[in-house]
1. Pick from B:E36, B:E76, B:E24, B:E95: which is part of a helix (DSSP H, G or I), out of contact with any Cys (no Cβ under 9 Å at 6 or more places or on another chain) and closer than 30 Å to A:L386 by Cα?
2. Mind listing just one residue for me: the one in the stretch A:293-312 that is surrounded by fewer than 23 Cβ atoms within 10 Å (Cβ to Cβ) and outside any loop (DSSP other than H, G, I, E, B) and, of those, farthest from the other protein chains (Cβ to nearest Cβ)?
3. Which condition number in (1) out of contact with any helix residue (DSSP H, G or I) (no Cβ under 9 Å at 6 or more places or on another chain); (2) assigned to a loop (DSSP other than H, G, I, E, B); (3) buried (at least 21 other Cβ atoms within 10 Å of the Cβ) is the one that B:G234 fails?
4. Based on this model, can you work out whether A:E251 counts as closer than 22 Å to A:F136 by Cα and surrounded by fewer than 23 Cβ atoms within 10 Å (Cβ to Cβ)?
5. List every residue pair whose Cβ atoms lie under 8 Å apart, where the two residues are 6 or more positions apart in sequence or sit on different chains, the first residue falls within the stretch A:172-188 and is closer than 20 Å to A:I109 by Cβ, and the second residue, located anywhere, is surrounded by 24 or more Cβ atoms within 10 Å (Cβ to Cβ) and among the charged types (D, E, K, R).
6. For A:D328, all conditions in the list (1) in a loop (DSSP other than H, G, I, E, B); (2) free of Cβ contacts under 8 Å to residues at least 12 places away in the same chain; (3) closer than 30 Å to A:M274 by Cα; (4) not basic (K, R) hold save one; what is the number of the exception?
7. Which one of B:V87, B:V131, B:V177, B:V120 is over 25 Å from B:A228 (Cα atoms), within 17 Å of the chain's Cα centre (by Cα) and of a type in the set (A, V, I, L, M)?
8. Within the stretch A:1-29, track down each residue that is in contact with a helix residue (DSSP H, G or I) (Cβ under 6 Å, 6 or more places away or on another chain), part of a loop (DSSP other than H, G, I, E, B) and over 22 Å from A:I255 (Cβ atoms).
Amino acid sequence: MAKHADLSIDFLGFKCENPFFLSSSPVSGTYEMCAKFLEAGGGGVFYKTLTTTIPEECSPRFDVPRKEATPFISFKNMEQTSDKPYQDNLDAMRKLKENYPNKLIIGSIMGMDEDNWEEMARDYTALGIDMLELNFSCPQMTYEGMGSDVGASVELIDKYVKAARRGSHLPLIAKMTPNIEKMEIPAIAAIKAGAQAISTINTIKAISGMDFDHYTALPVVNGKSSISGLSGKATKPIALRFITNMAQDKELQGIPLSGIGGIETWEDAAEFIMTGASNVQFTTSVMQYGYRIVEDMISGLSIYLAEKGFEKLEDFVGIALKNIIPADDIERDFKILPKIDYDKCVNCGRCYISCFDAAHQAIDWDNENRKPTIDEKKCVGCQLCLQVCPVYDCITPGKILFKEEDQFGKGSKTIWKEEAPNKHDIIVGKYDKP
Amino acid sequence: MSDSNNVGVKAGISLKPTQGYLEETVPPFTPFLAMEEAARCLLCYNPPCSEGCPADTNPGDFIRAIRFRNFKGAAEIIRSNNILGGVCARVCPYEKTCEGACERSGIDKPIQIGRLQRFVTDYEKSTNFQVLDPPKATKEKVAMIGSGPASLSAAATLAMKGYPVTIFEEKEKAGGVLSYGIVPARLPQYVVDEEIEYVTKLGVEIKLNTKVGKDISLDEIRKQDYKAIMIGAGMQITRTLPIPGKELEGVTTAVEYLAKARSNDASFNAGKHVVVIGGGDVALDCATTARLNDAESVTVLYRRTREEAPANRQELEYTESLGINFAFTLSPSIFESENGKLTTVKANGTRSKSAMKIEADTVVFAIGQQPEDFSKVIEGIGFDKNNFITSLENGTTSVPDIFVAGDIDIDSTKTVVNSVQGGKIAAISIEEYLTKAGRKQAFCSPMHPEGGK
């Protein structure tokens, strides 16, 4: 067999077989579900969040936005915490830990008030599970003062983390909401109050689409709908920015992050790990495809790391952070012109349309021969054409031009040269090339 | 195949195909197209395509791996189950195997599994991804007769288990039917050579120009300390019909015709007016070979109807698109000549009183093949009247150290993919035999003279 890297990694003192976990959600709601995932190779589970009062659920409760023919570009759901009896869930978690001692078993709790947080933490701790996740972030709770309301309030976070700490000696992971501008603030509050790690993102408050006959949002629950949480692939970029922000925050240095948001493939997972997460959690992709997706996550990531020469996954955690810099530090003294491979061009004109309508009118269109040509003078190197081109490897990054020293001050005409001043090597990125 | 843009016949008017004889008909998938095709896959529960693969290549898993952008994992799935993954991707009768089982057909049309498999094996090569890493070959020596798909598959399987394997090949080129019996438009030689190289890189040795029974005898092989011998010699002889004129110059067999064309033999003459007799994939390969080598008219004569023809449907459509004529429910009755040269094929209806006269300077028999007679070379095992070896279970024979796989095995379905599986199964039987024999030896040590439990 090909070389595969060892994917085991530490999380708060627990040696995880791999960094792939189910997030606390509908996909981790029973013993059998969690067990099936662990048998498929998963490294651990965050069992579905419990409340001591079972919530009432609506029907239907999901919506699946599409783009063109692709379903599940994101996923909206209105489900709340577990709808199964509290004691049954506790028994399930206990049994999971007993039967899968080498897998990470985490219980997720959501209290109503300080006493309730403390009491639940105590109940969970007696189960022998490994850690507790404190759910400060579900955006569709029907009780006030629960869910993402908490995640937006430093005072509530402080109170509830301390309450949970009184009830348990286990590591506490605060699950944060993205419905906020700066997640570092509540995250730091959680750590100061006694949490050891942060997991994020929970779902984003959203309206995924509208019903055109009943004039309401989707899904339609007897003619009405609500704003509720959005997850899935489309939320990944937002999640990655939160993870990056926290991983780069000085006060949060050394605090393990568990990444969540649109993870479907090993590449998605690797993106979270590169930006500072030491493990990842997922749900929406399991709802669409099942637990088996973890097999390709394990295979893909372990082959990639072995090929890149990483001896342990830990060395890969946060490896991209040094290369994600403030926008004002980005180099702006060169442009990479696109290059059209006319043997591959199918003469559709999409590059021309996008360049004219949305960029710099830098592509000329020969209507008779249906041929686009790049005007190097007008082209700014934005590469929109390359992104819209439907043919693989047809438009690629080409010639690099460098700005001439600015002799006449700001606003003067820029002169572009092919030679780099001071022997300047430009790194060109990948464009969806496997 | 039918969606190919290499074929110069678009409006049904056939002049000359624009496709060269050595050009692969079906273009490869780009990564975008492969992703699009993989995205069409329904990712079925207990995928029937995987059940449908005779060689356990596991398309359900490798398509899922493509879908989740795990291209190298996909290569690992294919290669670890099917050493000839790139070959099978091109020559498999998918419509009868994986694609025939595809549930997507219930919506529109099956996933193009063969093309996806080709994409993955091409990707594996272009990235120099090393899937297989064989252990040191320290176990008993194994010999194989013939270097076709069955032997290559068996040899690779055994090499991965630490057995040194030598393949004895009578011809100057390895690959058997892959190198001599298929039109390059379907299977380019470089693909065959790369996959053979894959096998030799696992430590398998191929001795070319060495015919067992002539250059080396079975006893000599045994004396060279080979503890097990597998026969994977394939089918070398094309059957013919007892038709007046069959000795004429210009009458030939599929095996000969394809081999000559493929080895780029200078003496190869495709013929000007070619008649191919038969209705299977080999007949189509002969017709395509003739057409792509500039024959002016090519007619395939088949005794049953188009629907009954065993040939792959896509290949049949592709062959028709090249401007090749088909005459169904007709059987040749006489080959006529002038001055000793073939001029005409006369045929009679098999289900009617029709008759046909076709101008021909070349006739190719492609009505089925059979192995050459090995009964004098390998004694003690069973042969049927057509020289096929009557195997016992899982590629074993009535002689304990002799095994069989591939087309020469009477139980084989005579496809490349079936030979790949036959080779794998025979390899497991060989391993079982050798470990048992080895254990017996170990138990007969002075410490345990009567053997262990």
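The values are calculated or read from the model by the stated rules, or taken from the named source; none is laboratory data. If you're wondering where the values come from, they're calculated on a predicted model, not measured in any experiment. Counting neighbours? That spans all protein chains shown, and the Cβs are built from the backbone with ideal geometry, glycine included.
1. Values: B:E76 fails: closer than 30 Å to A:L386 by Cα; B:E24 fails: part of a helix (DSSP H, G or I); B:E95 fails: closer than 30 Å to A:L386 by Cα.
Residue meeting the stated conditions: B:E36.
2. At the first step, the residues of the stretch A:293-312 found to be surrounded by fewer than 23 Cβ atoms within 10 Å (Cβ to Cβ) are A:295, A:302, A:304, A:306-312.
Those left that are additionally outside any loop (DSSP other than H, G, I, E, B): A:295, A:302, A:304, A:306-308.
Details: A:E295: 8, A:S302: 9, A:Y304: 8, A:A306: 10, A:E307: 8, A:K308: 12 Å.
Looking at the filtered set, the residue picked out is A:K308.
3. (1)
4. On the way: closer than 22 Å to A:F136 by Cα: yes; surrounded by fewer than 23 Cβ atoms within 10 Å (Cβ to Cβ): yes.
It is true that A:E251 is closer than 22 Å to A:F136 by Cα and surrounded by fewer than 23 Cβ atoms within 10 Å (Cβ to Cβ).
5. A:L172/A:E133; A:I173/A:E133; A:A174/A:E133; A:K175/A:E133
6. For A:D328, the failing item is (1).
7. Working: B:V131 fails: within 17 Å of the chain's Cα centre (by Cα); B:V177 fails: over 25 Å from B:A228 (Cα atoms); B:V120 fails: within 17 Å of the chain's Cα centre (by Cα).
Exactly one of B:V87, B:V131, B:V177, B:V120 is over 25 Å from B:A228 (Cα atoms), within 17 Å of the chain's Cα centre (by Cα) and of a type in the set (A, V, I, L, M), namely B:V87.
8. Correct list: A:A2, A:K3, A:H4, A:A5.
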